[in-house]
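As structure tokens, the structure follows; a few thoughts come after it.
The values are calculated or read from the model by the stated rules, or taken from the named source; none is laboratory data. Computed from a predicted structure; not experimentally measured. Reconstructed Cβ throughout: ideal geometry from the backbone, glycine too, with neighbour counts over all protein chains shown. Heavy atoms of the whole protein, side chains included, go into the accessibility calculation; ligands, DNA and RNA do not. Shrake-Rupley method; radii C 1.70, N 1.55, O 1.52, S 1.80 Å.
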Amino acid sequence: MKNKILNSGFGIGNVIFVVALIIALPLRIYQYSSGVIEPVTGFFATNDFSVYVLYGVIALAAVASVALGFVNRKKLAYETSAQKNPLLGTASAIAALSIILDAVFNINIIGTLETGVTSAQPSTEKTAYYVVIAQAIVSLLAALFFAVLCINSFMGKTLASELRILSLTPVLWTMLRMVSRFMRTISFVRVSELMFEMFMLAFLIMFFMNFAQCNSKVNDENCAWKLAAYGLPAALLALVCFVPREILLLVGKGDIIYTESVTEFSDLAAALFVIATVLTKLTVKAPESTDAESSDSTAPKTDDASVNEITE
């Protein structure tokens, strides 16, 4: 496992991800602690250097990830052999637990919203109610998928064909999370926290869709590069959303965090799952000429002298 991580097929992209994360996290914490972000509205109170640097770092990291993935699209492959993968198993277990927490949270919301849903309410409020119900149901199915994936990873087994339908539940779960954010009345373009969440979820949708293809071997030709191209930007944005909030909460400064964005452990879990997938499942394809060269090397050789004797 250690050698596989060191030989990950997306080496340079992984380094760019780490560098971008090291720069982005302190900048985001600085923006909150220095009053650059207005806690109530989420708008930038001032446009200082950190705003442009943070946007630039995230944008450059995302573009570099997609570009590197596309350039190496024919070289990268998804490891499908049945073997033990403790790192992916651990990440899957964390994802399953965090999504269960998400389901419990939504079930609690259903109880509070149910009494207020009437025919006289605006259609947006009714839609929000049904979205929460759907998200709670899909969350349980997505948690089941990650739980099965966790068990298979630790046991070194694969049930790719049996999990084709279930592997789509993380995609649907992420889509419902995005829908719930679209229903907020505030403009996500002007609120950086909400904008980061929207782009994070968009990248996660593409990542989980391609993960389902690669893991289930359905139209998966030349799809492996997309796992890193879309996954690493999603992980970067997820950590930028989660880590600063959690740090501020731990130090007792939760009042300066944007009120509409709560800390969601599913963001951290998604980031860890993406990182584990890229490090342990994304590999470099074996050269196609290897088999041909080996067959040539084992074939009997005839020197020119013997050929000449035969012709004479």
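Could you grab the pairs with beta carbons closer than 8 Å, sequence gap of 6+ or different chains, first residue in segment 194-219 and of a type in the set (G, A, S), second one at pLDDT 90 or above and open to solvent by 40 Å² or more (accessible area, probe 1.4 Å)?
A212/L168
How about segment 252-274: which of its residues are within 18 Å of F203 (Cα to Cα) and surrounded by fewer than 23 Cβ atoms within 10 Å (Cβ to Cβ)?
Passing the criteria: E264, F265, L268, L272.
Would you say A103 is among the hydrophobic types (A, V, I, L, M, F, W, C) and within 22 Å of the chain's Cα centre (by Cα)?
So A103 passes the test.
Does segment 224-246 hold any residues that are over 30 Å from T80 (Cβ atoms) and touching a residue at least 24 places away in the same chain (Cβ under 8 Å), and which are they?
Correct list: V240, C241, F242, V243, P244.
Is it the case, given these coordinates, that L88 is modelled with pLDDT of 90 or more, in a helix (DSSP H, G or I) and open to solvent by 70 Å² or more (accessible area, probe 1.4 Å)?
The answer is no for L88.
Please specify each residue of segment 62-74 satisfying the condition of being surrounded by fewer than 18 Cβ atoms within 10 Å (Cβ to Cβ) and not in a loop (DSSP other than H, G, I, E, B).
V63, A67, F70, V71
Quick check: is even one residue across segment 8-30 over 27 Å from F211 (Cα atoms), at pLDDT below 85, not acidic (D, E) and not in a helix (DSSP H, G or I)?
Checked segment 8-30: no residue is over 27 Å from F211 (Cα atoms), at pLDDT below 85, not acidic (D, E) and not in a helix (DSSP H, G or I).
Among the residues of segment 151-166, which ones are in a loop (DSSP other than H, G, I, E, B), open to solvent by less than 30 Å² (accessible area, probe 1.4 Å) and either basic (K, R) or at pLDDT 80 or above (or both)?
Answer for segment 151-166, where residues must be in a loop (DSSP other than H, G, I, E, B), open to solvent by less than 30 Å² (accessible area, probe 1.4 Å) and either basic (K, R) or at pLDDT 80 or above (or both): just G156.
Return the pair list, or none, for Cβ contacts closer than 7 Å from residues in segment 58-84 that are touching a residue at least 60 places away in the same chain (Cβ under 8 Å) and within 10 Å of A224 (Cβ to Cβ) to residues that are acidic (D, E) and open to solvent by 30 Å² or more (accessible area, probe 1.4 Å), at least 6 apart or on different chains.
These pairs meet every condition: Y78/D220.
For L97, only one of the following conditions fails: (1) within 30 Å of L144 (Cα to Cα); (2) open to solvent by less than 70 Å² (accessible area, probe 1.4 Å). What is its number?
Only one criterion in (1) within 30 Å of L144 (Cα to Cα); (2) open to solvent by less than 70 Å² (accessible area, probe 1.4 Å) is unmet by L97, namely (2).
Determine whether A59 is open to solvent by less than 30 Å² (accessible area, probe 1.4 Å), part of a helix (DSSP H, G or I), modelled with pLDDT of 85 or more and of a type outside the set (S, T, Y).
It is false that A59 is open to solvent by less than 30 Å² (accessible area, probe 1.4 Å), part of a helix (DSSP H, G or I), modelled with pLDDT of 85 or more and of a type outside the set (S, T, Y).
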